[in-house]
Amino acid sequence: MGYNRTNHLQRYIKIQDIVRKHYDPNVTTYAGIWRKYVIPIYPITYKRFMEIINMPRLKEQLAEEQKKHNPILNNQLDLFDQVNTKP
């Protein structure tokens, strides 16, 4: 089985959500959000934090990764219908 980035991408999306929730351009800084909200949950460096919040289209990448590595889970309902319709 190949390398699966699903967990990394899910973590990056959660970090971006934390930033969206707490960032106010006139009041807060990224360093403040990193120190107060991100480090207690995800111990990463500030450099890596900045790379993560600048990553584009993470949700699309996650969907592609899940489709590529979990074809059975993506078609689970179809498989269920195939099994139940057999005589």
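The values are calculated or read from the model by the stated rules, or taken from the named source; none is laboratory data. These figures come from a predicted structure and were not determined experimentally. Positions of Cβ are generated from backbone atoms using ideal geometry, with glycine treated the same way; all protein chains shown enter the neighbour counts. The area values use the complete protein model at the heavy-atom level, side chains included, leaving out ligands, DNA and RNA. Shrake-Rupley method; radii C 1.70, N 1.55, O 1.52, S 1.80 Å.
Residue pairs whose Cβ atoms lie under 7 Å apart, sitting 6 or more positions apart in sequence or on different chains, and linking a residue in segment 31-50 that is more than 12 Å from ILE18 (Cα to Cα) to a partner that is open to solvent by 50 Å² or more (accessible area, probe 1.4 Å), are ALA31/TYR46; MET50/TYR30. For segment 37-55, a residue qualifies if it is of a type outside the set (A, V, I, L, M, F, W, C), surrounded by 10 or more Cβ atoms within 10 Å (Cβ to Cβ) and closer than 19 Å to ASN7 by Cβ, and the qualifying residues are TYR42, THR45, ARG48, GLU51.
Beta carbons closer than 6 Å, at least 6 apart along the sequence or on distinct chains, pair a first residue in segment 1-25 that is without any contact (Cβ under 8 Å) to a residue 40 or more places away in the chain with a second that is open to solvent by 70 Å² or more (accessible area, probe 1.4 Å) for ILE18/TYR37; HIS22/TYR37.
Filter segment 8-43 for residues that are polar (S, T, N, Q) and touching a Leu at 6+ places or on another chain (Cβ under 8 Å) and give the result. Steps first, please.
First pass over segment 8-43, keeping only residues polar (S, T, N, Q): 10, 16, 26, 28-29.
Within segment 8-43, GLN10, GLN16 meet the criteria.
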